[in-house]
1. Would you tally the residues in segment 125-146 being aliphatic (A, V, I, L, M), touching a residue at least 12 places away in the same chain (Cβ under 8 Å) and out of contact with any Leu (no Cβ under 9 Å at 6 or more places or on another chain)?
2. Return the residue satisfying two criteria in turn: it lies in segment 103-122 and is surrounded by 11 or more Cβ atoms within 10 Å (Cβ to Cβ) and charged (D, E, K, R), and of such residues it is farthest from THR54 (Cα to Cα).
3. Within segment 126-134, does at least one residue satisfy the condition of being of a type outside the set (Val, Ile, Thr), touching a helix residue (DSSP H, G or I) at 6+ places or on another chain (Cβ under 7 Å) and over 30 Å from VAL77 (Cα atoms)?
4. Restricting to segment 133-144, count the residues that are open to solvent by less than 50 Å² (accessible area, probe 1.4 Å) and farther than 15 Å from ARG179 by Cβ.
5. Any idea which of (1) farther than 30 Å from GLU64 by Cα; (2) surrounded by 10 or more Cβ atoms within 10 Å (Cβ to Cβ) is the one VAL130 doesn't satisfy?
6. Identify the residue in segment 137-165 that is of a type in the set (A, V, I, L, M) and part of a helix (DSSP H, G or I) and, among all such residues, is farthest from the chain's Cα centre (by Cα).
7. Tell me which of these GLU168 doesn't satisfy, since it passes every other one: (1) open to solvent by 90 Å² or more (accessible area, probe 1.4 Å); (2) under 30 Å from PRO72 (Cβ atoms); (3) of a type in the set (Asp, Glu); (4) assigned to a helix (DSSP H, G or I).
8. Go through (1) open to solvent by 90 Å² or more (accessible area, probe 1.4 Å); (2) closer than 16 Å to ALA30 by Cα and name the single condition LEU53 misses.
Amino acid sequence: ELPSEPLPELEGDRRDEARGPRAEITIRDAAGNAIRTFKAPVTRGVNRATWNLTRDAFKQPPRERPEWREEPNGPEVLPGTYVATVKYKEQEASAPLRILPDPRRAIADADRKAKWEPLMSVGALNDRAVTAIERIQRTRGDIGVILGRLKKANDASAKTREDPTRAELRKSAAALQRRLDFVERLYWVQP
């Protein structure tokens, strides 16, 4: 049985363990690219899982606290043929899926594709921007480690004058952090 309340204090695999056994479901497009991966609870006997016909969400900038309780959804997929693979422990099974257009919406295939291509292009740009933000934050963390070591070295030798090489390195690191802050603000502003 799944808990009715989210488990905010747990993250990733630990949260999955708290929810009980889960199977991983991967949806692949006709070219074999994994477009959606999610987990579903499993119990003994027959199990049912649903796919909401969306692909994985585009990357999100790193945040101190995730906004979503579950994985966010991306855009709805185009009608076509897909393959669903269910994996639980060492067992794996696959089956083809045929997604048909919604009969309530008379949209030409060409129009669907004309909307899909720019959406995927913008998503790819978003993913690259998020990758840049992640790199900036990792670099800022590395600089913080270096500054921490310099401070520790200066504290250890507080009785003597600071080594000019260390002083220059500290000034350069601080300047680089300011530049990284500026560049990151060009991509996004943290909430």
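The values are calculated or read from the model by the stated rules, or taken from the named source; none is laboratory data. On a predicted model such as this, the values are computed, not experimentally measured, just so you know. Note that each Cβ is placed from the backbone with ideal geometry, even for glycine, and that neighbours are counted across all protein chains shown. Side chains included, ligands, DNA and RNA excluded: accessible areas come from the protein's heavy atoms. Shrake-Rupley method; radii C 1.70, N 1.55, O 1.52, S 1.80 Å.
1. Selection size over segment 125-146: 4.
2. Restricting to residues being surrounded by 11 or more Cβ atoms within 10 Å (Cβ to Cβ) and charged (D, E, K, R), the top hit is ASP109.
3. Looking through segment 126-134, none of the residues is of a type outside the set (Val, Ile, Thr), touching a helix residue (DSSP H, G or I) at 6+ places or on another chain (Cβ under 7 Å) and over 30 Å from VAL77 (Cα atoms).
4. 1
5. (1)
6. ALA156
7. (2)
8. All conditions pass for LEU53, except number (1).
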